[in-house]
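Inspection log for the structure reproduced underneath, given as structure tokens.
All of the numbers you see were taken from the coordinates with simple rules; none came from a lab. If you're wondering where the values come from, they're calculated on a predicted model, not measured in any experiment. All Cβ positions, glycine included, derive from the backbone under ideal geometry; neighbour counts span all protein chains shown.
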Amino acid sequence: MSWAFFWLVTFVVAFGAFSLISLVIAIRGVAEIRELFSALEEEMRRKRS
Amino acid sequence: MSAPAIVSPFSLLDGAIAVLSLLATLWIGLRVKRYIGTIEDYLVANRGMGLYVGAASLLSTEVGIITYMYQAQFGFVAGFSAFVTGLITLGVCLLVGRTGFVITRLREMEILTVPEYFETRYGRSVRVLAGVLMAFGGSLNLGIFPIIEARFLAVVTGIPSQYLGWTMAGLLVVALAYTALGGMVSLIVTNYVQYLFLAAGTVIVTLACLRQVGWSGMVGAVEGHMGGHGWNPIQDLGIGFILWQVLLWIALMTVWQSVAMRTFSTRDAAIGKKMFTLTGFLFLGRALIPMVWGISALAFFWGRAEPVTAPVAETKLAQMEQLDARLGETFRRDLDEGRLERALPQVDLLERLAREEKAASPEAARFEDAARDRRGEIGLLAMPWMLAAILPTGILGLVVAGMLAASISTYAGYFLGWSSIIAQDIVAPLLSSRGTPVIPRDSEATGPEGSAGVADPTSPGSDGAPADEQAFTEAFPRGRRRPFGVPGKRLTRQVIAQGDPRSTRVGTRDAEPLSNRARLLLTRVTVVGLTVFIMIWSLVYDLPGPAYFYLQVTANLFMAPTLIAVVGGLYWRRASATGATLSFLLGAAASLTYLVPSLKLDVATAGNLSWALAVAGFVVGSLLVPPERREAPSRADGGSREARS
């Protein structure tokens, strides 16, 4: 296997994984941010009480 | 030979897109400040960060315009060989993610900063020393960000140079505003939004490069213009460089403060491990994708270049002198106007002539060094000039929005990271009038400002043993003692269950802590001070070589000793404060040699020297001066009874 082919495969994996994981983060991240806010609000309520 | 200058098509529409993205980020960042009540909310978002948001936050903090620039520069000068650093990063992330090496133990201790661990393990002096070196190295590291990023923005947007300083100041103020007010909560939310911009910009630029140059064009450029180099990383970069990168990335992924803060902010250690596994592939892209942009820029400008012939002269040395003089007249202007297709062949010719003549005439080495420096300068600006040349209006605005998002998230993350070290590990311990300073937790709050009570670990328990000794014995009965440094959280819970709220903190010793409000104020003031320093440093400092190397050496200033002291503290019973102190002093001194031009040490040598001396200092110091009883792994950091005796 030549270096050129090896680096091509590496790049395809890197770019593909970056694009795919970014898409997953974009979709799943919203729910996690909602959860974070809920937890923080709950914590604030707990402290106040 | 008159190459046309590149003029950026950045328009009002592009400007509007970029400004709107900034305003949206600022608005979101400021809205969440109401959630900040304690220092723990401020620094680690009350440890409520999930996997995907954590990955976004980690990556957007560690990717800025400067990252794209130095990675592209590395690709431009080293070709595909540069990719090896991306593979190293992936390997390290997978290793850390699968094994939880260091991060799991640090996360379970519920600390806020890495030096905090040093206090529980080695004592306050090591914490402060580590804090000083981290703050120093981290600030130097961050200090060149604005000036390099300003060059990117000047090229891509065409902002006149007289407004660049104000532009950068504006960007820093945006990051400062929401970081100072909202801390980690603001960061997590804005990082998520910024990540979306950043990822979109990254994909757009990569597709544009592939469309403009194509993979075959990149391969052709490396084959045709790198003199047989650019493929084999072992041959081009050397084993020493690769070894140093492996060590450095292990340290970066485990104890680099802005990364460690993400680990500390996760919901639990398991999420932390998953986050590293997931981001391993993002970090691979973080390296390789901009390197491909750099190689594309190499192909792009060589594709526009015209052949250049050596000046007519009697000797090669005279030819080089003439060529160097010609470059002296035109190089800076070519760089500023994007005429890289004119500068690049001349620099290449000078370097080739110098390399051929070096054996016969040692004076030629001077020209080779000069040519290499100029190639590095071209490499830094080649990618932005290419973007200015190939991206159309509208798309350019989206890309700039992505780049600004990347940059501001990095500033914000680093502001919080380094200021937390300055405030928590340098100023607060020094302000504490007596005993070991303690960071109050929510659970310890006894007054309206959350000030903690004073722990008295020597007060006897029911069986006459000190209270925390008893708590420890109950929490970790013989036979299932945990190794050094693990269970702050479990011990804390045990002590709370015993109704002794004063002892809920690891390492408590006759302390007089600052209140939560004071710590919040202190950290916020430090963020402002750090911003001012960065603006000044970026104006006065002149880089001695490629940005990539400067950034890694300033990081290495404290990374080697920090990782060694953490790993040694967690896994080696004989590790002592003397060893840790020597490790920090020797490791930092060795790393600084790269920044002294007269020593002419190459980056890998300085880096590996730092690691070698840090290890030697740690081992020799620990063996010569073994730990005293109070600094040995104790119940405070979860050490075993055997280790304490």
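Points worth noting:
- Counting every C-alpha pair in chain A, the share spaced more than 15 angstrom apart comes to 66%.
- Cα centroid separation, the stretch A:9-29 to the stretch B:88-107 (Å): 20
- With neighbours defined as other Cβ atoms within 10 Å of a residue's Cβ, the residues B:536, B:408, B:426, B:271 order from fewest to most as B:536, B:271, B:426, B:408.
- One quarter of the convex hull surface built on the alpha carbon atoms of the stretch B:302-390 amounts to 5.6 nm², the projected area averaged over directions.
- Gyration tensor over alpha-carbon atoms, the stretch B:6-161, equivalent ellipsoid semi-axes in Å: 34, 24, 18
- The alpha-carbon atoms of the stretch B:222-356, seen along their principal axes, cover 71, 33, 25 angstrom, with the largest extent given first.
- Inter-chain Cβ neighbour average for residues B:192-203, partner chain, 10 Å: 3
- The GluC sites (Glu not before Pro) of the stretch B:278-337 meeting both criteria, a DSSP state outside H, G, I, E and B (loop) and at most 14 other C-beta atoms within 10 angstrom of the site's C-beta, are B:314.
- Treating each Cα of the stretch B:319-366 as one equal point scatterer and applying the Debye formula with no solvent, the log10 of I(q)/I(0) at q = 0.13, 0.24, 0.28 Å⁻¹ comes out as -0.31, -0.82, -0.98.
- Counts of other chain beta carbons within 10 angstrom of each beta carbon in peptide B:556-567 average 0.
- Take each peptide in B:344-357, A:13-26, count the other Cβ atoms within 10 Å of every residue, and average; sorted highest first, the result is B:344-357, A:13-26.
- Neighbour-count ranking [beta-carbon atoms within 10 angstrom, fewest first] of B:615, A:9, B:399, B:53: A:9, B:615, B:399, B:53
- Listed from fewest to most Cβ neighbours within 10 Å, the set B:291, B:535 follows the order B:535, B:291.
- For A:30-43, mean number of other protein chain Cβ atoms within 10 Å: 6
- Peptides B:382-395, B:410-423, B:192-205 ranked from most to least packed by the mean count of surrounding Cβ atoms within 10 Å: B:410-423, B:192-205, B:382-395.
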